[in-house]
Every structure is written in structure tokens, then in C-alpha cells.
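The structure appears below as C-alpha cells.
The values are calculated or read from the model by the stated rules, or taken from the named source; none is laboratory data. Remember, it's a predicted structure, so these values are computed and weren't measured experimentally. Here the Cβ is made from the backbone with ideal geometry for all residues, glycine too, and neighbour counts use every protein chain on show. Note: accessible area is taken over every heavy atom of the protein model, side chains too, but ligands, DNA and RNA are not part of it. Shrake-Rupley method; radii C 1.70, N 1.55, O 1.52, S 1.80 Å.
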Amino acid sequence: MSNESVQLIYPSDEIVKNAAVSGMDAYRALCAEAEADYEGFWARHARELVTWKQPFTQVLDESNAPFFKWFADGKLNVSYNCLDRNVEAGLGDKVAIIFEADNGDVTKVTYKELLVKVCKMANLLRSKGVKKGDRVVIYLPMTIEGVVAMQACARVGAIHSIVFGGFSAQSLRDRMHDAGAVMLITSDGQFRGGKAIPLKPIADEAFGMGGCECVKNVIVFKRTGADVNMVAGRDEWLHDALANQPETCEPEWVEAEHPLFLLYTSGSTGKPKGVQHSTGGYLLHAILTMKYTFDIKPEDTFWCTADIGWVTGHTYITYGPLACGATEIVFEGVPTYPDAGRFWKVIQDHKVNIFYTAPTAIRSLIKAADNNPAIHPKAYDLSSLRILGSVGEPINPAAWQWYYDNVGGGRCPIVDTFWQTETGGHMITPLPGATPLVPGSCTLPFPGIQAAIVDETGADVPWGQGGILVVKRPWPSMIRTIWGDDERFVKSYYPADFQGKYYLAGDGAIRDKDTGYFTITGRIDDVLNVSGHRMGTMEIESALVANPLVAEAAVVGRPDDLTGEAIVAFVVLKGQRPTGDDAKRIIKELSDWVGKEIGPIAKPKDIRFGDNLPKTRSGKIMRRLLRGLAKGEELTQDTSTLENPAILEQLKG
Ligand code: 6R9
């Protein structure tokens with residue numbers, strides 16, 4: 001961004017006046033407070049925002065870096081903080097969750113009712129022998145029960161690990177196995193876009209693969225009413241198991257560092273990483289970002305459109321909004337059913353004030369609205385909206401502007417929140433009543449977050465120059481380790497390149513030379529971002545080579561107008577290179593295979609066959625060259641080190 005092109009967009013006086021962080025001076029004061037007394041800054045917020053059973057006296061413990069500890073001698077319970085304390089504060093009859101089902105049915109649950117549901121589920125867990133520290137895998141659609149299951153785990157100190165409902169049997173099996181889960185909570189199926197999709201049969205398939213003998217109980221929520229197979233002695237319907245459970249349940253008071261959950265995410269090697277989060281520090285940042293980034297007010301209705309299968313659904317559906325005593329929407333459906341006006345209708349019907357979604361959804365809805373004025377946001381009453389949010393991938397300025405003008409009516413600040421599964425909550429983001437906005441920039445670090453851009457040696461790069469995004473100091477909601485793999489945690493996030501001192505985000509970034517605003521330039525590792533979902537290229541390659549037809553495969557990303565990035569696979573078959581109808585058939589077969597191995601979101605958009613892959617004489621696959629081919633670029637690179645230049649023609653696509 002050059003100076004001339006930077007057009008700052010300011011929040012209205014009304015928004016500034018009422019905001020928790022009101023004006024840039026207030027933002028700077030918070031940053032200065034953290035600068036002057038880092039531990040004091042976090043400790044103050046932790047005391048103000050979290051209810052502790054046993055107050056902490058220690059703040060940050062760096063003695064075993066990078067295995068940092070926060071508030072280590074404090075004790076608390078997350079479910080108590082989200083439910084009991086709201087009921088105790090007189091919010092018992094306030095609606096906590098407005099559930100809108102795929103078919104439009106609406107169910108409202110008050111804080112008092114939600115507490116009862118969570119207590120019954122927590123008692124169920126205990127009755128099955130689930131105790132503090134046990135892992136429970138949850139494979140559920142977007143339902144009230146999903147949120148209840150997570151909260152119930154937190155209540156008894158069990159560590160939940162959600163597996164997204166779109167993931168395959170293999171993925172589910174690998175996660176149950178890696179986590180050593182004692183219980184699986186799933187459903188017969190899920191509704192999406194008017195269709196019932198099976199889930200329990202996928203779980204059955206996962207068990208059939210072996211390695212999940214650790215799972216002693218499978219609890220099945222009846223959602224679609226489909227016929228399912230129940231294994232005697234292991235499987236039980238949720239409604240039966242809940243029938244006689246008491247309606248109160250004493251929370252398990254856990255240490256602040258007790259793991260709240262694991263969430264598997266893609267990294268640059270084949271095996272997904274079980275990102276482990278803490279209880280105290282995580283909860284603090286969930287609440288703090290609800291207050292500062294979303295400026296949540298007691299009377300607000302909040303809607304985050306993410307799925308509980310992703311970290312955004314954890315922090316900004318299951319925990320953050322409830323810990324703040326807000327009313328939130330839990331939405332089962334998809335943005336395009338029954339038509340692409342669904343999001344706008346939900347906002348209108350429930351008078352949503354704060355709306356948080358992903359750029360990929362916005363881009364697809366722009367296209368739909370352009371083709372049909374009846375489902376254009378302007379055809380709905382969206383005047384309840386005050387703040388808009390974006391997450392998951394960079395939002396291109398054109399989509400930003402459309403979102404700002406058409407959804408926000410030119411009056412709602414957009415908070416473009418940069419963060420990751422590993423960071424637990426927002427890291428770089430505008431604050432709506434403070435930060436002047438620039439479309440396409442996530443602007444400035446959240447108060448207290450020491451984000452910086454450095455070169456390969458760890459030295460700061462000047463504004464205006466691209467580099468590697470790091471965080472220089474530990475923060476409360478950060479990843480604690482990779483489940484069962486401390487070594488990989490250190491290697492991935494605290495590499496020796498920076499003397500093990502800085503957290504490596506895995507993204508590139510640049511700061512505007514005038515404003516210092518951050519723009520994320522994309523992953524610097526072999527991780528792709530497809531519609532806001534993280535996919536490791538190695539993960540997809542491993543899936544492809546597991547197919548009996550495939551000898552070798554290389555996967556790269558290519559920019560895509562709709563999905564941000566698209567997956568392109570270059571494949572060498574064991575037999576002859578296929579052409580014509582043969583090629584078409586095998587492309588379909590391999591694409592379905594990847595869908596079955598990982599999940600439909602990992603299916604390549606483009607599969608190309610070669611007699612070989614472009615390699616250097618030392619045998620390294622030339623990925624840079626493949627990225628060029630995937631984009632359809634003319635090859636200007638030096639290919640003289642290529643062992644087999646002739647195959648480039650085959651791979652041009
Ligand atoms: C919350 C979440 C993390 C990766 C991250 C980055 C990309 C997320 C972004 C963004 C640009 C934003 N990302 N938010 N890039 N601007 N506002 O998405 O977590 O699924 O772990 O993905 O997503 O590349 O490293 P996760």
C-alpha cells in the first residue's frame with residue numbers, strides 16, 4: 001500500500017462513544033500499559049473478567065520456556081464461568097442460544113435451561129467413568145447438543161477434541177487414536193442444505209479400521225432419525241443415557257493450566273497436530289476479545305457462522321459469547337439454503353447486532369446477490385447490525401467493500417481478525433471504536449500481543465518490507481503443546497532460527513510503511529487455505545499415494561477467486577499416463593478417494609498427470625515450478641537443473 005492508496009475509514013462518533021475501547025488514545029493506553037508491566041496487564045484483566053475458585057498469585061512462568069504457564073496456582077472452571085455465574089448474576093431467564101435449524105425451525109434456550117442441560121450431560125459423562133484429564137472426541141453437527149457436550153466436558157475437567165462433521169472415517173479414527181479418547185459423542189446424522197447426511201455410519205467405519213479400542217462408550221444423539229447400527233455394551237442413545245441424570249452437577253475445579261481441549265489442525269507434515277489449549281489463559285482471551293474486538297454489550301445478539309469443528313466455533317460460539325452472558329445464534333444450515341439470502345434473513349429475523357463470518361462465504365454470496373436482487377442483502381432489514389467481523393483468510397479489498405457497503409450499510413466497522421487455532425483468540429485486529437480501517441488489512445496487534453515481522457535471522461524488518469510474522473512474548477491463550485509431541489511443538493513454533501525466543505505463526509506479513517498496519521501475505525509453509533480451512537499439502541499427498549493406482553503425487557495451491565486458494569495435484573500413476581476418458585475417470589476416482597481419506601474439503605480442484613514430476617538432479621520436487629504451472633504461468637524460471645524437462649508439457653494442464 002502506498003501512501004496515496006491508503007484511505008482510512010473511521011468509525012462513527014456513536015460507535016466510538018459507546019465502545020469498550022473508545023478511540024485510538026484508549027487503544028494506545030492499553031498497549032502502553034502492557035508495555036510497562038506485561039504481567040500486570042494480563043493479571044488485571046484475568047482478575048476482572050474471570051471468576052476464580054482459587055485466585056492466582058503467579059502470573060507468567062517462563063522457567064521452562066517455551067512451555068509457558070499462566071496463572072498456574074489459580075483454580076477455576078470454564079463451564080461455571082459460562083453458565084452458573086450468569087445465572088447467579090440474574091441472567092437465568094435470558095436467552096443464551098437461539099438455535100436455527102437447517103429447515104428454519106427455531107429453538108431458544110435460556111441460561112438456566114442451558115445450565116441444566118450441561119449438568120445432565122456432565123453427570124452422564126461421570127456416570128460412564130469419564131474423569132478429569134480423560135479425552136472425549138465429539139463428532140457432532142452444529143446443534144445445541146454440540147455446545148452442551150463441549151461445556152459438559154469442561155465441567156468435569158475432561159479434555160474435548162472436536163472432529164469437524166465433514167471429516168472422513170480415517171480422520172476421525174486417527175484423531176480418536178492419537179488422543180487416546182475414552183468416549184465418542186456423535187449423532188445418527190446431520191442436516192445440511194435440506195439433506196440428511198449420515199454420521200454414525202462414518203464412526204462405525206472409523207472403529208472398523210482398528211486402533212480405537214481406547215473408546216469405551218459411544219453416545220449417539222438422534223438428529224435425523226436415520227437407522228443406525230448400535231453396538232451392544234458400547235453404544236447408547238443420548239436421550240436414554242440422559243433420562244435419569246440429576247439436573248445439578250458440581251464443577252470440577254481445575255488448575256489454570258489444565259488442558260481444556262485439543263483441536264487437530266494441519267501442519268506442514270502429513271500428520272495433523274493436536275493443538276492443546278489451557279483453561280485459564282484461554283478463557284481470559286475468549287472473554288477479553290469478545291469485549292474489545294466485538295465490543296459485546298449485555299443486550300447484544302451475536303452470531304458467529306463458524307462450525308464448532310473449527311477453533312472459531314470454540315472461542316466465539318461455545319465459550320466467548322456465553323462467558324459474556326450474551327445471546328447468540330447457533331446455526332445448523334448452510335449460507336445458500338433454501339437460497340443465498342439465508343444469512344441476511346437470519347440477521348433480520350433475530351435482529352443480530354454483531355455478525356462474524358468468513359471471506360469465502362462473503363465472496364460466494366456476492367456472486368449470488370449479483371445474479372438475483374431478491375436475495376441481495378439490500379432486500380433485507382439489516383439495521384440491527386452494529387459490527388461485522390471476518391476471519392479465516394485474507395479478505396480481498398473488493399469483498400471487504402461489498403461487505404461494508406451492502407451488509408453493514410456503510411455504518412458498521414469490519415473487524416478483520418487475524419488469528420490461528422494455536423493462538424486461541426484474536427492476535428491482530430482492529431478494535432471497532434478505535435482503529436481506522438483499511439480494506440484488506442487486519443491493522444494492528446490486539447493490546448498486549450507483541451506481534452512483529454522479522455527476517456530469517458529474527459531481526460526486525462522495516463515497515464514496508466515483507467517478512468515472517470512472529471509473536472515476541474508468550475500470551476495467555478497460546479497453544480501449550482502438541483498433544484503427545486513436545487518436540488514437534490518446539491520445532492514447529494519455537495524454531496532454533498529465532499534462538500527459540502519467538503512464536504512462529506507460519507504466515508508472512510508486511511506492515512504499511514506509513515500506518516504500520518499489518519497485512520497477512522499468506523502461509524510460508526506447506527499449508528494451504530481453502531475457503532478458510534487449513535489443509536497440509538503433505539496430508540493430501542499422503543492420501544493420494546495411499547491409492548493403489550498412484551506412484552507419486554505433489555500438491556500445491558493456486559489463487560482462486562471464490563475459495564482463496566484451490567488445491568492442484570500433480571500425479572504420477574503406477575501404470576501409463578492416462579488421457580481422454582480414462583483420465584477423466586481416474587480424476588474422479590482420485591478426487592473421491594481424497595474425499596474419503598480426509599474429507600470433501602480436501603478434494604483437489606484440478607488433477608494433472610505426468611510420466612514423472614519435475615525434479616532437480618538431486619531428486620527434489622520443484623514445487624515453485626509446480627506452483628507456476630498450476631497458475632498457468634509461462635515458465636520463465638531456469639529449468640536447466642531439471643532432470644526431465646520434457647514432462648513440463650504434460651503437466652501444463
Ligand atoms: C482462526 C483460524 C489459521 C490461518 C492463519 C492464516 C489464516 C486466519 C486471517 C488469516 C489473513 C485473517 N488467517 N485469519 N489470514 N487474515 N484475518 O482461521 O484458524 O484454521 O488455524 O487458520 O488462517 O494463514 O495462519 P486456523
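Observations
- Derived scalar couplings between HN and Hα for the stretch 508-523 equal x, 7, 9, 9, 4, 5, 9, 8, x, 5, 8, 10, 7, 9, x, 5 Hz in order, rounded to whole Hz, by the Karplus curve 6.51 cos²θ - 1.76 cosθ + 1.60 (θ = phi - 60°), x for Gly and Pro.
- Whole-number D in µm²/s for the stretch 1-55 (Stokes-Einstein; Kirkwood sum over Cα pairs; 37 °C, 0.692 mPa s): 233 µm²/s
- Cα Rg, Dmax (largest Cα-Cα span) when computed across the stretch 502-653, Å: 16.7, 57
- Residues in the stretch 531-651 average 48 Å² of solvent-accessible surface per residue, probe 1.4 Å, ligands and nucleic acids excluded.
- Here is how the number arises for the chain: DSSP H runs of 4 or more residues each give -39500 (n - 2.57), the sum is divided by the residue count, and the result at 222 nm is -8000 deg cm²/dmol.
- The stretch 177-222, relative contact order [Cα under 8 Å, separation at least 6], %: 56 percent
- FRET efficiency estimate (nearest 0.05) - Cβ-Cβ, Asp611 to Phe67, R0 41 angstrom: 0.25
- Model label points for Glu113 and Glu213, set 7 angstrom from Cα along the Cα-to-Cβ axis, are 4.4 nm apart.
- Sites Asp638 and Thr521, calculated FRET efficiency, Cβ-Cβ separation with R0 22 Å, nearest 0.05: 0.35
- Those residues of the stretch 599-616 whose amide nitrogen sits under 13 Å from the label point placed on Ile197, 7 Å along Cα→Cβ: 599-603
- Size of charge dipole - the chain - debye, nearest 20, with Cβ of Lys, Arg +1 and Asp, Glu -1, no other charges: 680 debye
- Part-to-part distance (alpha-carbon centres) for the stretch 599-653 and the stretch 276-294, which is given in Å: 43 Å
- Relative contact order (%) - the chain, alpha-carbon pairs under 8 angstrom, separation at least six: 13 percent
- Relative contact order of the stretch 531-651, defined on C-alpha pairs under 8 angstrom at six or more residues apart (%): 25 percent
- Part-to-part distance (alpha-carbon centres) for the stretch 372-406 and the stretch 523-539, which is given in Å: 26 Å
- Average silhouette area of the stretch 263-377, convex hull of alpha-carbon atoms, in square nanometres: 8.7 nm²
- What the Cβ-Cβ distance of Val106 and Lys367 gives, at R0 = 22 Å and to the nearest 0.05, is a FRET efficiency of 0.20.
- Inter-label distance for Thr57 and Asp485, nm, one decimal - labels placed 7 Å from Cα along Cα-to-Cβ: 3.9 nm
- The stretch between Glu48 and Thr248, if pulled fully straight at 0.36 nm per residue, gains 69.3 nm over its current Cα-Cα span.
- Computed on protein heavy atoms with a 1.4 Å probe, the accessible areas place Asp178, Asp339, Asp497, Asp416 in the order Asp497, Asp339, Asp178, Asp416, largest first.
- Partner aspartates and glutamates for Lys94 [C-alpha distance under 14 Å; skip if fewer than 8 residues away on the same chain]: Asp84, Glu113, Glu299, Asp300, Glu328
- Hull-based mean projected area of the stretch 563-653, where the convex hull spans the alpha carbons, in square nanometres: 6.7 nm²
- Expressed as a whole percent, the accessible surface of the stretch 531-651 that belongs to carbon and sulfur atoms is 51, based on a 1.4 Å probe.
- Alpha-carbon centroids, the stretch 47-75 and the stretch 209-228: separation in whole Å: 37 Å
- Debye intensity ratio in log₁₀ form over the Cα atoms of the chain, taken at each q of 0.06, 0.08 Å⁻¹: -0.32, -0.59
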